[in-house]
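This report refers to the structure that appears directly beneath it.
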Amino acid sequence: MSESTLKYKRVLLKLSGEALLGQKEFGIDQAFLQKISEELEEVHALGVALSIVIGGGNIFRGVAGEKEGLNRARADYMGMLATLINALALQDVLERRGVTCRTMSALEVKEVAEPYIREKALSHLEKGRILILACGTGNPFFTTDTAATLRALELNCEILMKATKVDGVYDRDPKLHPEAQKFEEITFNEVIQKNLRVMDATAFSLARDNHLPILVFNLFQRGNIKKALFGERVGTIIKN
């Protein structure tokens, strides 16, 4: 496979914080982080302009904090800081593998990450660096799904790749319903009509209105990211 056969050359990968748990109940599973870093290194070597938005659910979730009595805005800021911890951990592993990357933050934490500025982010991509984007949009009440969609549009990405624990979008929860049917391809409108939960409504509407396709796939199956980049059938593609 060569770079010329790539279907997507500029992508945004959405990683959930929960994915970094691996086999642990809290925090970051370093063994899993090494595995995902191997795949990201391979993708980078293909010449793909790769941006990553990372969640923080393995450390703290704003919605969960609110349920425990915290002010929602403050809880969301705490969740944003959790994404920064994950971003720095991923950056460290990638750099130890010799992959050039930059962490950019929507909150100002200049001692550990660059502030997110669109023009500078685009410059990093043009120089062949992986971008790790932390702290969501920098605003409370918005999810990292919304941040991922927003950044994908800002950075002219061809597709938003949402890495999850399941291998696509089903007509019902496959964990509760073994007979659930998986969609290989589905439209935005069909997702709405069938009331399927893919991501939050704000993120979904933003992608639909701006014709940004979304690929939902299983992160834990080795090689899925590369297969998707070459246009192989992986997960579920959602588009207009």
Might you check whether a residue that is in a helix (DSSP H, G or I), at pLDDT 95 or above and hydroxyl-bearing (S, T, Y) occurs anywhere in segment 145-167? yes
Do we have G128 as assigned to a loop (DSSP other than H, G, I, E, B) and either under 15 Å from the mean Cα position of the chain (by Cα) or crowded, with 23+ Cβ neighbours inside 10 Å (or both) here? no
Tally of residues being closer than 10 Å to I238 by Cβ, in contact (Cβ under 8 Å) with a residue 60 or more places away in the chain and either of a type in the set (D, E) or exposed (fewer than 13 other Cβ atoms within 10 Å of the Cβ) (or both) across segment 159-204: 0
C135 versus (1) at negative phi; (2) in contact with a helix residue (DSSP H, G or I) (Cβ under 9 Å, 6 or more places away or on another chain): which is the lone unmet condition? (1)
If you check G62 against the conditions, is it under 16 Å from the mean Cα position of the chain (by Cα), more than 23 Å from K7 (Cβ to Cβ) and modelled with pLDDT under 95? no
What number of residues within segment 90-106 satisfy the criterion of being over 19 Å from G27 (Cβ atoms) and assigned to a strand (DSSP E or B)? 4
Identify, please: which residue in segment 76-104 is in contact with a Cys (Cβ under 7 Å, 6 or more places away or on another chain) and within 21 Å of G47 (Cα to Cα) and is, among those, surrounded by the fewest Cβ atoms within 10 Å (Cβ to Cβ)? E95
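The values are calculated or read from the model by the stated rules, or taken from the named source; none is laboratory data. On a predicted model such as this, the values are computed, not experimentally measured, just so you know. Note that we place each Cβ from the backbone using ideal geometry, even for glycine, and neighbour counts take in every protein chain shown.
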